[in-house]
Amino acid sequence: MLSTKASLNLFLCFIVSLLIGNRAHAQTQRTDWFEEARFGMFIHWGLYSAAEGLWKGEKLRYLNNYAEWIRYRNRISKEEYGELAKRFVWDEIDPEEWVIQAKEAGMKYIIITTKHHDGVALWDTKVGNYSLPKLSGSKRDVIKEMAEACRKHDMKLGFYYSHWIDWAHPYAWDHNQELTGHVSDKEFEKYWQEKAIPQLRELLTNYGDIAMMWFDMWIPYQESIFKKEQLEQAVALIRELQPRCLINSRLGLPTDAEYVDFQTLGDNVFSADYIEHPWETPGTIAHSWGYSGQETEWKSISQLFESLIGNVSLNGGYTLNIGPRANGDIPYESITRLNEIGKWLERYGESVYGNTGLGLKVDQHDWGKTTYDPKTKNIYLHIFNWPLDNILRVSGITSAPKKIELLLNDGNMKELTFVQNGPLLHIFLPKLATDPYNSIIRLSMSELDLDKEVAAESTFGGFALRNENALHKENLTVQKYDGKNPSFIITKNEKITWKVYFPEKGEYFLDVSAHNPNKENIEIEVSIDEKTIKSQVEPDGKVVAEPNENNYTEEFRDRRAGLLYIQKLGYKTVRFKVGDNKELWLNRIWIAKE
Ligand code: FHN
């Protein structure tokens, strides 16, 4: 005979397997709104908000001192920490204001911390007494109020739930167990069945439609105390109670697993590559996620724009966090930033919502980013740095735009002239940028043909051939920028090639930026189609990275490799080779016209 629990588990597994069968289709439909939304609000609000980054007059301890970690960092007892609930100023708290603020910022969803690592439920849970209503004595259920306000303002609502770490439950995960010894699997299962699962059930039952469950374990389950079946149980519960609810990858299962709808990247981590499946970056507007009265690291508005647009250009979204105070106030620094972004999105939202990227080389353009709306076939150029010579150089679009317009702040458009030469487009701009952060140019396309291989033309002209835009490279060691040296390729006898479109005939010069770590000269060859230029690179030394600190680093000098006459404009393959099987650290080749 199976026990009741075992039969329940079997039943849940059966539900999961049914769901897996339909997964591809269901997942696509479920995530449609999320991929359209692109921008959401994260709210970290809990007892820690009332500590404001201070405990008994002492600031947060240790590195990575997030205000919401104060209970753990400053070693506060569960009971004393619970007293913070008394500081909440209930007659000022109004979650609807948060929803209105998110709307004004152009955000399409809100994720609120229903239970953070401190284990305190923000709602009136029936699972134990450790909840904000019980600890504060208030009858208010802010999660309910949030759910109502979101419905009223047509805002999607997601729940953050810390399923792994819970400092209030003796058998949940707590990082100090790395020193004191782990709870046993049996004990952890007790936490899971008696607290986490019933609380998830409450959240999924009592608050109407929930758009997503946002879990927060930043290691894969195999490295954690979780058993796969436990996470599967959570998935089955969510699918059973809220079939349209999305689940993020920090549940502990990978995004390509059967159960996860979208990937959550690391905190404040922005992708370097185009990612096909749905994904987002959770990011803070400052340093801490929860409110800290000691906060000094407010991100600039330009930085927030770069993060949002950068992610959309790589097919992702951005969930920007704010930490309201224990009286519900959103810090002024957050409000000013959110309002600026909101104003911008109201005018230029068509370049963000429902947009993706073109899939060109990463950081293709040094003036900004490109987004693309597949429904309208419009390409949007986001200009963060207005070119001094008022020519915007766009590389990789080979079909002809029907029309190119600069979107003006007042809602009007200004048509721009352009010339297209193969994959290189020059757009002639007016003298002044239209927006202080990010001016938008719209390309109306009837066809979309791209050359995803071509190396981009740089601002002011010229082509920088680097590791990132190489066409072929095999068996090369790539060193990323390490804060001192640029990112570079270690090349021996191997060949690296790039695809370059020479826009006109004439003489071009080739400069090689590299570090020769050998004691003697080495020979290099740069070939453009059938023509080859050979030159010598002398040994390099060091350079003082930081004066007066004995801080030296390898020097990467620019050398003229030679001049080359290009007879006919068009595509050419550029090859680079080092002689004598010697090592060379190649940073970039620069090709430009005299
Ligand atoms: O430790 C938490 C942190 O407090 C915050 O909630 C973030 C949000 O992504 N998640 C954890 C760290 O990754």
Amide H contacts under 5 Å for Trp164, restricted to residues at least 5 apart in sequence or on another chain and with H modeled in the peptide plane, are Asp216
Regression test value, accessible area per residue of segment 33-351, probe 1.4 Å, units Å², expected 38 Å²
Counting sequence-distant residues (5 or more places) and residues on other chains, those with an amide H built under 5 Å from that of Ala561 are Leu510, Asp511, Val512
Here the FRET efficiency for Asp32 versus Asn268, based on Cβ atoms and R0 = 35 Å and rounded to 0.05, is 0.85
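Quantify, in whole percent, the carbon and sulfur part of the accessible surface of the chain (1.4 Å probe; protein heavy atoms only). Intermediate results must be reported in sequence, preceding the final value.
Details: 12700 of 25830 Å².
Summing carbon and sulfur atoms, their accessible area is 49 percent of the total for the chain.
Subtracting the Cα-Cα distance from 0.36 nm times the residue separation, let me have the gained length for Tyr565 to Lys431 in nm, one decimal. Spell out each step's value before the answer.
Working: separation 134, 0.36 × 134 = 48.24 nm, distance 3.39 nm.
Going from the current span to full extension adds 44.8 nm.
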Highest mean packing first, using Cβ neighbours within 10 angstrom, the peptides 559-569, 307-317, 150-160, 475-485 sort as 307-317, 150-160, 559-569, 475-485
Non-local residues with an amide H under 5 Å from the amide H of Ile110, with H modelled 1.01 Å from N and Pro and chain starts lacking one, are Met41, Lys156, Leu157, Gly158
Taking alpha-carbon centroids only, segment 513-539 lies from segment 542-568 a number of Å equal to 13 Å
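Kindly report the accessible area of segment 463-593 per residue (heavy atoms of protein chains, probe 1.4 Å, no ligands, DNA or RNA), in Å². Can you show the working numbers first?
Working: 6810 Å² over 131 residues.
On a per-residue basis, segment 463-593 sits at 52 Å².
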Taking a straight Cα-to-Cα line shorter than 12 Å from Lys115, and setting aside same-chain aspartates and glutamates fewer than 8 residues away, one finds Glu68, Asp124, Asp166, Asp216
Partner aspartates and glutamates whose C-alpha sits under 13 Å from that of Lys572, ignoring same-chain residues fewer than 8 away, are Glu453, Glu504, Asp529, Glu530
Mean Cβ-within-10 Å packing, highest first, puts peptides 195-204, 489-498 in the order 195-204, 489-498
Taking a crude spin-label model, label points 7 Å out from Cα along the C-beta direction, the Gln303 to Asn327 distance in nm is 2.8 nm
Label model pair Lys190, Asp363: point-to-point distance (7 angstrom along the Cα→beta-carbon line) in nm is 5.2 nm
Expressed in angstrom, Rg and Dmax over the Cα atoms of segment 33-351 are 18.5, 55
In this structure, among Lys126/Lys152; Lys59/Lys156; Lys139/Lys195; Lys78/Lys126; Lys369/Lys582, pairs with alpha-carbon gaps over 30 Å are Lys59/Lys156; Lys369/Lys582
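At 1.4 Å probe size, put Val99, Val269 in order of accessible surface, largest to smallest.
Details: Val99 0, Val269 70 Å².
From most exposed to least exposed: Val269, Val99.
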One would report the antiparallel percent of DSSP beta bridges in the chain, rounded to the nearest 5, as 75 percent
Straight-line reach check, Lys492, cutoff 13 Å on alpha carbons, 8 or more apart in-chain or any other chain, hits among aspartates and glutamates -> Glu474, Glu523, Glu525, Asp580, Glu583
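At most 15 other Cβ atoms within 10 Å and a DSSP loop assignment: could you name the GluC sites (Glu not before Pro) in segment 82-185 that fit?
Numbers: sites: Glu83, Glu92, Glu96, Glu97, Glu104, Glu145, Glu148, Glu178; in loops: Glu92.
Counting only loop positions with at most 15 other Cβ atoms within 10 Å, the GluC sites (Glu not before Pro) in segment 82-185 are Glu92.
The values are calculated or read from the model by the stated rules, or taken from the named source; none is laboratory data. Given the structure is predicted, the values throughout are model-derived calculations rather than measurements. FYI the Cβ positions are ideal-geometry reconstructions off the backbone, even for glycines, and counts take in every protein chain you see. Side chains are part of the model used for accessible areas, which takes the heavy atoms of the whole protein and leaves out ligands, DNA and RNA. Shrake-Rupley method; radii C 1.70, N 1.55, O 1.52, S 1.80 Å.
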